[in-house]
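Asks: First the structure, then my questions, so here it is.
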Amino acid sequence: MSCKTFKPTAVDTHIGQRVQLRRQMMGLSQRDLAKICGVTFQQIQKYESAGNRISASRLFDLSTALEAPVSFFFMGLPGNTPEPSRNGRVARVSEQTSDDPLAKNETLQLIKLYWGLTNDKQRKNVMDMLKSLNGVE
């Protein structure tokens, strides 16, 4: 009997990155999230790095802890339409491209700074400025 070695897929990696992004957006450490989910922080590290695959029930737990719908973890997933192989299973999902704004640290920094503003008027001013710079009414 042979033992199969786990090799993370592009989907595993993407979901792990989204867990990390949402955790950081909420200002939680890996230890904080682990405590909420009842696992070790090393397990959270493994999920975020795709060292361990996240089961459906654990993804549901994470979505509850991170106050995000399960669909959040699949948003921006490269290859919206998986390519079937000859045997009907998914053959591959394309790799994430570097032009995905949700994959950039700058996006996380912008969100943190925006929500760090002290009041609604400041946030409205920033939003108005961004709209103006982008030519959006």
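The values are calculated or read from the model by the stated rules, or taken from the named source; none is laboratory data. Since we're looking at a predicted model, the values are computed, not measured. Methodologically, a virtual Cβ is constructed for each residue, glycine included, from the backbone with ideal geometry; neighbour enumeration extends over all protein chains shown. We work out accessible area using only protein heavy atoms, side chains counted, and drop any ligands, DNA or RNA first. Shrake-Rupley method; radii C 1.70, N 1.55, O 1.52, S 1.80 Å.
Asks: Quick check on the stretch 22-38: of everything there that is assigned to a loop (DSSP other than H, G, I, E, B) and out of contact with any Asp or Glu (no Cβ under 9 Å at 6 or more places or on another chain), which residue is surrounded by the most Cβ atoms within 10 Å (Cβ to Cβ)?
Replies: Ranking the qualifying residues of the stretch 22-38, first place goes to 28.
Asks: I would also like to ask the following. Considering only residues that are open to solvent by 50 Å² or more (accessible area, probe 1.4 Å), more than 12 Å from residue 19 (Cβ to Cβ) and in a loop (DSSP other than H, G, I, E, B), which ones fall in the stretch 39-52?
Replies: 40
Asks: Scan the stretch 118-137 and report the pairs whose first residue is under 19 Å from residue 107 (Cα atoms) and whose second residue is in a helix (DSSP H, G or I) and open to solvent by less than 100 Å² (accessible area, probe 1.4 Å), with Cβ atoms within less than 8 Å and a gap of 6+ or a chain change.
Replies: Sorted first by the residue in the stretch 118-137, then by its partner, the pairs are 123/114; 126/114.
Asks: Quick check on the stretch 15-38. Is at least one of its residues modelled with pLDDT of 95 or more and among the acidic types (Asp, Glu)?
Replies: Yes: the stretch 15-38 contains one or more residues that are modelled with pLDDT of 95 or more and among the acidic types (Asp, Glu).
Asks: If you don't mind, another one. Which of the residues that make up the stretch 70-123 are among the polar types (S, T, N, Q), part of a helix (DSSP H, G or I) and modelled with pLDDT of 85 or more?
Replies: Within the stretch 70-123, 71, 122 qualify.
Asks: Of all residues in the stretch 53-69 being more than 11 Å from the chain's Cα centre (by Cα) and not in a helix (DSSP H, G or I), which is surrounded by the most Cβ atoms within 10 Å (Cβ to Cβ)?
Replies: Going through the qualifying residues, I end up with 54.
Asks: Here's another thing I want to ask about it. Can you name the residue in the stretch 1-21 that is of a type outside the set (A, V, I, L, M) and assigned to a loop (DSSP other than H, G, I, E, B) and, of all such residues, is most open to solvent (accessible area, probe 1.4 Å)?
Replies: Only one residue fits best here, namely 4.
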